[in-house]
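Just below is one structure, and these are the notes that go with it.
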Amino acid sequence: MSFDWSVVWQHRDALIAGTATTILLTVATMAIAVPCGIIVAILRLYGWAPVRALATAYVEFFRNLPLILVVFWAFYVPPILTGLGLSPLATGLAALALNVTAYNAETFRAGINSIRRGQVEAAMVLGMNRVQALRRVVVPQAVRRILPVLASTWVSLFKDTSLVSVIAVTELAYVSMQIRAQSFRVLEMLTAMAAIYWLLGYPQAKLVDWIQRRFAITE
Amino acid sequence: MDFDFAVITDHWRFLASGVGITLLLSVVSGLTSLVAGLVVALLRLYGPRPLRVAVVLYIDSMRAIPVLVVLVWSFFALPILTGLTMPPFVAALVGLTVHLAAYAAEIVRAGVESVRPGQTRAALALGMSRAQIVRRIILPQAIVRMLPAFGSLLSITIKDTAIASVIAVPELMRQSETLAGQSFQPIEVYTFAMLVYFFILFPVTRGVDIFYQRVAHLGRS
Amino acid sequence: MAAGAKIIRYRGVIKRYGGFQALGGVDLDVHAGEVVCLIGPSGSGKSTLLRCTNGLEAIDGGDIEFEGAMLPRDERALRAVRTRMGMVFQSFELFPHLTALENVAEGPRTVLRNDLVEANRRATAMLAKVGLADKASSYPSALSGGQQQRVAIARALAMEPDVMLFDEPTSALDPETIGEVLSVMKKLADEGMTMVVVTHEMTFARRVGDWVAVFDTGRIVEQGPPTQIFDAPTTERTRDFLSHLGWTG
């Protein structure tokens, strides 16, 4: 058994480009999914009944589907239905954003709900209106509870970007597997792929731990 | 635009076998990762220092590496290292177990650590040994406390089996891909697959919630 | 154990947590059949002394003698000693996954290795003793605080200890239920049980205690019979403490 690890170095440009795409996808997805998640959460908490039902249905639907299926569905179905074809990258981004928005909506909703009623009442008896109570009392506390979960979702998202490789988006997983197919250096490339994800993901996981310790709730 | 769901009914056996493999892989890898996770957690909580360090490294690594990568590595790279060839289902089982056991271990650890220290003190005061305390007092309460997290992990397990399609395991996702490709009817096929997954996953999460409501008081000290 | 024999002897007991000295040399004797009450401000070391008595905490200096022998350091020997001491906690610490009967039977079953029938017989008898025979199959979550604490007392009694240690047994209870727990404790005292009680219930200490030790910052500032401590205290600290509590005798 001979291993040729130089193949990793030879293709470093492609791997770096793939890694950049992975990071881009992660950042772009969160940039969409955080505001959208807030909107959906607010609709779920404060909207009229039909709006609440719709928002809940959306969240429950996407939380109970495998992401890889959503990616496939997003790639094959809209072009037939609407005649529009998005690039694989855009499609992948859309699928990821739909998925993560649902999780974020649940995170925001649970975070806001976890603030005891008494807090809002205490704010109101001081003379604050609903908006002020929300802004100055509920949101600061909710942020403390939401941030750790959001950080955890971020790391999961980072790993989930690998799934859009199935529709040929040129992120890290796809690029690695292409190089593997072309060079026949299976063990080297797959191990390199795992190693790069590890190098990027491990510090992120540790950062999440730090955030969770820092924002730990002690009541 | 007309939808022809005959493609589903014509090939229901093909799809049903996919559902069967999905369920089988979910249940088996769920069980193996549970057992492996328990062992890993106990090593982390009560094992000697070098073992504990190795375990923490393993757990944190699984938080960094995607399931897809673990599965692909298990199927394509592991045989090169070990000289053993594994059928796709076995490779998927190995990959899923290795990945999910790390999460299971964290759930067990969190559950055990969440039991009040007063419970240990009360049991010590009665004269119980450490082993007796873990077995009879800590674990029963911890297991109840772990239920919601394990329900969530089961849901993740079922979703992760769909990724095994990438290494040609004939579960539902793979069967759907094949059928959609051959029939040129991706809308019907993938929509059907979505519904099947939803109707498997939704009851699982709801069921765990309801079961937990009933037994939560057994874990509240 | 002959009446008047020293069950527990504390000699110069010292306990440190890092730089903080929780106990700075405690001398105290507990005789058979006596009810010794430890009173004093929060953080003065009373609970710490109790936890050192059954080895939940290890002491850093001095000696603790139990029934004539030094308290062992070895965990196995310590376990054997613990079976002869019963402890009741402020937070009850009933095992939530077991019914009241199972909680009380747990010690006999697991530690004394009684068979199920014998353990249940003991447990039933103890539950009856604390007045909760009808709650045998209830889970702790269905019981009031006072009921839970009485089950906890029954659990400790089921081991047939030579001494009962109470760590602020009524501090976490609603006022209505404090009485039912104190009645059980008085009954035990009347039956001749040796008891060491950390408490803020001064009326109980005055009426049921045979000996009272006043703690302050890790030392005993005064000890004596209740008549002395409550009616004619000899130290400034004791007087301050009692007046702080609004004690008017």
Roughly how far apart, in whole Å, are the Cα centres of the range A:161-219 and the range B:27-81?
16 Å
Among C:29, C:60, C:210, which one moves the most in a GNM of chain C with springs linking Cα atoms closer than 10 Å?
C:60
Sequence-distant residues sharing a close amide H with residue C:212 (under 5 Å, placed H):
C:37, C:224
Which ³J(HN,Hα) values, rounded to whole Hz and listed in residue order, are derived for the range A:19-30 from phi using the Karplus coefficients 6.51, -1.76 and 1.60 in 6.51 cos²θ - 1.76 cosθ + 1.60 with θ = phi - 60°, glycine and proline given as x?
4, 4, 5, 4, 5, 4, 4, 4, 4, 4, 4, 5
In the Gaussian network model of chain C, springs joining C-alpha atoms below 10 Å, which of C:16, C:206, C:122 carries the largest mean-square fluctuation?
C:16
Calculated from DSSP helices alone, with each H run of at least 4 adding -39500 (n - 2.57) and the total divided by the residues of the protein assembly as shown, [θ]222 nm to the nearest 500 comes to -20000 deg cm²/dmol
Integer Hz, Karplus 6.51/-1.76/1.60 couplings in order for the range C:32-47, x for Gly and Pro:
4, x, 8, 10, 9, 9, 9, 10, x, x, 4, x, 8, x, 4, 5
At a threshold of 8 angstrom on Cα-Cα distance, excluding pairs fewer than six apart, so keeping six or more, what relative contact order does chain B reach in percent?
30 percent
Just how large is the dipole of the range A:6-214 about the Cα centre, in debye to the nearest 20, putting +1 at every Lys and Arg Cβ and -1 at every Asp and Glu Cβ?
860 debye
Can you tell me which lysines have their Cα less than 21 Å from the Cα of residue C:46? Leave out same-chain residues fewer than eight positions away.
C:6, C:15, C:186
Antiparallel DSSP bridges in the protein assembly as shown: what percent, to the nearest 5?
55 percent
Applying the gyration tensor rule to the Cα atoms of the range C:123-234 (axes a ≥ b ≥ c; rounded if a/c under 1.5, else prolate if a/b exceeds b/c, else oblate), the class is prolate
To the nearest whole number, what is the average tally of beta carbon atoms from other chains within 10 Å of the beta carbons of peptide B:72-84?
4
Dipole of the range C:87-181 (Lys/Arg Cβ +1, Asp/Glu Cβ -1, origin at the Cα centre): which of C:98, C:179, C:87 lies farthest to the positive side?
C:98
Residue-wise HN-Hα coupling along the range A:195-202, computed from phi with Karplus coefficients 6.51, -1.76, 1.60 (Hz; x: Gly, Pro):
5, 5, 4, 4, 4, 7, x, 4
Would you pull out the residues with amide H under 5 Å of residue C:45's amide H, same chain only if 5 or more places away, H placed 1.01 Å from N?
C:218
For peptide C:92-104, the mean count of other chain Cβ atoms within 10 Å per residue Cβ is 5
Based on the Kirkwood radius over alpha-carbon pairs, what is the Stokes-Einstein translational diffusion coefficient of the range B:96-199 at 25 °C with 0.890 mPa s viscosity, in µm²/s?
145 µm²/s
Candidates A:181, A:105, A:90; GNM for chain A (alpha-carbon contacts under 10 Å) flags as most fluctuating A:181
In Å and from the alpha-carbon atoms only, list the Rg and Dmax of the range B:6-219.
20.5, 71
When a/c reaches 1.5 or more, the comparison of a/b and b/c decides; with that in mind, is the range C:197-249 rounded, prolate or oblate per its Cα gyration tensor?
rounded
Membrane-span-like helices (DSSP H runs, Cα span along own axis at least 20 Å, mean Kyte-Doolittle at least 0.5) in chain B -> B:12-46, B:49-64, B:88-113, B:139-161, B:186-215
Translational diffusion coefficient (Stokes-Einstein; Kirkwood radius from C-alpha pairs) of the protein assembly as shown at 37 °C, 0.692 mPa s, in µm²/s
111 µm²/s
State to the nearest 20 debye the size of the charge dipole of the range C:1-146 about its Cα centre, where the only charges are +1 on K and R beta carbons and -1 on D and E beta carbons.
60 debye
Any chance you could check the Cα centroid distance between the range A:99-141 and the range C:165-199 for me, in angstrom?
44 Å
Charged-residue dipole, Cβ positions (Lys, Arg, Asp, Glu), the protein assembly as shown about Cα centre, Debye nearest 20:
380 debye
What whole-number distance in Å separates the alpha-carbon centres of the range A:19-39 and the range C:72-100?
53 Å
Per-residue mean of C-beta atoms belonging to partner chains within 10 Å, peptide A:70-76:
5
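Every read-out reported here was derived from the displayed coordinates using simple, explicitly stated rules and does not represent laboratory data. All figures in this text were calculated on a predicted structure; none of them were measured in a lab. Counting neighbours? That spans all protein chains shown, and the Cβs are built from the backbone with ideal geometry, glycine included.
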